[in-house]
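Quick notes on the structure that follows.
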Amino acid sequence: MSRFRKVFAAALVMAATAGAAEAGRLGLGREALPEEVAAWDIDIRPDGQGLPPGKGSVKEGEALFLEKCAACHGEFGEGAARWPVLAGGFGSLKSAAPEKTIGSFWPYASTTFDYIRRAMPFGQAQTLTDDEVYALVAFLLSMNDVVKDDFVLSRDNFTSVKLPNEAAFYLDDRETAEKHFWRKDPCMTACKDKVEITGRARVIDVTPDDKDKSMKVE
Amino acid sequence: MNQTAKGLDRRSLLAALGGGAALGAGAAAGLTARPAAAAAAKPDPAITEVQDWSRFLGEGVAAHPYGKPSKYEAHVVKRDVEWLTAGRESSVNFTPLHELDGIITPNGLCFERHHGGIAEVDPAKHRLMINGLVDRQLVFTMDDIKRMPRTNRIYFLECAANSGMEWRGAQLNGCQFTHGMIHNVMYTGVPLRILLEEAGLKTNAKWIMVEGGDAAGMNRSIPIEKALDDCLIAFKMNGEALRAEQGYPLRIVVPGWEGNMWVKWLRRIEVGDQPWHAREETSKYTDLLADGRSRRFTFVMDAKSVVTNPSPQAPLKFKGPNVLTGMAWSGRGTITRVDVTLDGGRNWRTARLDGPVLPRSVARFYVDFDWQGEELMIQSRAMDDTGYVQPTKAELRAVRGLNSIYHNNGIQTWLVRANGETENVEIS
């Protein structure tokens, strides 16, 4: 490259980034094309932002679920083997074995759409059409007694669907509810009289290499 | 005791068992004081005989273009708990904390948690998109990101479910399993603020959503204040490129906040005016309390500590001088003090912090003590610069019940018996 052309090229680059530099920016990266944003912007919010056009019925969803999901999640979303349970569990949240499902626990139906669209079927992510996702969400809502069997879910009626446990969620309140954990000068000497052992891991005995023990946790 | 383990030396026995659960009394029967000044009965062959490595040439420089630990350290590995999850693609393994020291976790031992397996992303095809409430929706290549001003910071990453199996009581014998979902790494990356300013935030920008390019498309919401404060877009860990299982080529670092938010294989940041309530912040990573209600957005990891030696996988072997060590961390700030008790919380002493003590990083503590074979009930208690004191498990359960799964930062107890064997217990 001639000297002149080098200088010219440098001037061009500077001109291109001058706008960014003036605004205190680096001028790195490029504008995303609308097609690119559309290809990746797949998230759905509780207020319906992000929902694509489309619709699907409980009936269609049932057929799809049997074909693509039931092997892991059971025919009714009850969970096969140790794969996640998607339906039921009502009234279990205060028990010793809470079962957190879309119906018993999740606050928003939009999460079901967002998650299935991005991550399911497990190992075949992003293979479902928008109508299929609507149908699968409709089916899972019906399995959780949120909608009737003849329900058709669409972008238009999506935000009218409310899940029963929504009101049970509240913002992190540790700084007030656990204020007593901020304490000055914790005790250093003669803090208690006697100490008793109240539990031992070896009794439960589930540390790995103990092959035949099986337990279910989240 | 496991029959097949008979005759193995102590090291391989521990490696084979992977924990003290099956460690019988016999293994620790040879406890001695071995005072330094005692005279040896007969000459030590380790000294009097010429060892192979002293006589023959070793391998040349080309033998290991990428080095690895000594073959004698082969037992120092991440381990998983098979019964925890249905499959290994969405699962977790644990850092062998009892084998490590100092504050930095070596890259190959950083615990892994992924939801759709390890994505093998081609960096030449990796893109980071910023869209939503910005003046310019932008796309960056890895080359673009590496041309931006970068910074180096040491931070811990702790999974919110670390110690989650212990909510109902002592379950697993080994700090690797009870506390091993943490690592502490020096990240090199670009402050997220720089990237967001490059795109230009609209005035109603209140939250961002970060999203991974893996088969789980992991997504989490982060408040804009945090995004602009100390989050990094990192491409190096401990000086080298991120490991594939840690998000190569790009992950977000969210200092002090739960590990699930540190989205790996980061491909997109959307700016919005409200949170997304993604699956990982509704179905998971919400804290179910005894009254059936649930806390959401419990992002920050409270102060916590654990004694890593002795612990069930690393029992005491000698009477006399011993080193007790452990780690402490707080997502709210900097560790200011760690107290240790050897008698189950009757009396405490302040441990010695050694090495860098940095905000939202692991700090290393030591208590050099003398042990004469008496039973010990060891606990550690961390404090941070906000005045927070690590609570007991009982205090935690009094507020949160037993179903919380996440954010168990209660004080851990190790019982050391007369033979040095150490087990995970709970005490009054």
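From helices alone, chain B scores -2500 deg cm²/dmol at 222 nm; the rule is -39500 (n - 2.57) for each run of n ≥ 4 DSSP H residues, then divide by the residue total.
At full extension, B:E49 and B:N204 could sit 48.2 nm farther apart than now, given 0.36 nm per residue minus the alpha carbon distance.
For a label point 7 Å from the Cα of A:K192 along Cα→C-beta, name the residues of the stretch B:373-400 whose backbone N is under 20 Å from it. Residues B:375-383, B:389-400 fall inside that zone.
In this label model, A:A177 and B:E197 are separated by 3.8 nm, measuring between points 7 Å along each Cα→Cβ vector.
In summary, the lysines within cross-link reach of A:K194, defined as a Cα separation below 22 angstrom excluding same-chain residues under 8 places away, comprise B:K393. With R₀ fixed at 41 Å, the C-beta to C-beta distance from B:R168 to B:H64 puts the FRET efficiency at about 0.35. What whole-number distance in Å separates the alpha-carbon centres of the stretch B:315-357 and the stretch A:90-147? That distance is 45 Å.
Take each residue of peptide B:265-277, count the partner chain Cβ atoms within 10 Å of its Cβ, and average: the result is 4.
Among B:43-54, A:112-123, B:235-246, B:337-348, how do they line up from the highest to the lowest mean number of other beta-carbon atoms within 10 Å? List each step's numbers first, then the result.
Details: B:43-54: 8.4, A:112-123: 22.1, B:235-246: 17.8, B:337-348: 19.9.
The most tightly packed comes first, giving A:112-123, B:337-348, B:235-246, B:43-54.
Order of B:205-212, B:56-63 by packing, highest average Cβ count within 10 Å first?
Working: B:205-212: 23.1, B:56-63: 6.8.
Going from most to least packed, we get B:205-212, B:56-63.
For the listed peptides B:163-175, B:389-401, a ranking on the average number of other beta carbons within 10 Å per residue, highest first, reads B:163-175, B:389-401.
What size of dipole, in debye to the nearest 20, comes out for chain B about its Cα centre when the only charges are +1 on Lys and Arg C-beta atoms and -1 on Asp and Glu C-beta atoms?
Numbers: 51 positive and 49 negative charges, 47 e Å.
It works out to roughly 220 debye.
For chain B, modelled as a GNM whose springs connect Cα atoms under 10 angstrom apart, the maximal fluctuation among B:T336, B:T85, B:T325 occurs at B:T85. With the charge dipole of the stretch B:58-159 set up from +1 on Lys and Arg Cβ and -1 on Asp and Glu Cβ about the Cα centre, the Cα lying farthest toward the positive end among the listed residues B:S91, B:V134, B:Y155 is that of B:V134. Charge dipole of the stretch B:107-295 (Cα centre as origin; +1 on each Lys and Arg Cβ, -1 on each Asp and Glu Cβ, all else neutral): 160 debye, rounded to the nearest 20. Nearest 0.05, what FRET efficiency do B:L402 and B:A241 give at R0 = 56 Å with Cβ-Cβ as r? It comes out at approximately 0.85.
Centre-to-centre, using Cα atoms only, the stretch B:188-221 and the stretch B:112-173 are separated by 11 Å. As a calculated quantity, the FRET efficiency between B:A394 and A:A97 at R0 = 22 Å, using C-beta atoms, amounts to about 0.50. Of B:A234, B:P123, A:P52, which is farthest towards the positive pole of the protein assembly as shown's charge dipole, taken about the Cα centre with +1 and -1 on the beta-carbons of Lys, Arg and Asp, Glu respectively? Value computed over the given set: B:A234.
Segment B:R136..B:D354, full-extension length gain: 73.8 nm, with 0.36 nm per residue of separation and the alpha-carbon distance subtracted. Among the residues of B:379-386, the average count of other protein chain beta-carbon atoms within 10 Å of the residue beta-carbon is 1. Using the Cβ of A:D47 as centre and a radius below 15 Å, the other residues enclosed give a net charge of -2, where K and R count +1 and D and E count -1. Averaged over the residues of B:214-224, the number of partner chain Cβ atoms lying within 10 Å of the residue Cβ comes to 3. Compared with the direct C-alpha span, the chain from A:D47 to A:Q126 gains 26.2 nm at full extension, assuming 0.36 nm per residue.
Rule-based calculations on the coordinates, nothing more; no lab input. The structure displayed is predicted, hence computed values, not measured ones. Don't worry about glycine lacking a Cβ; one is built from the backbone with ideal geometry, like all the others, and counts go over all protein chains shown.
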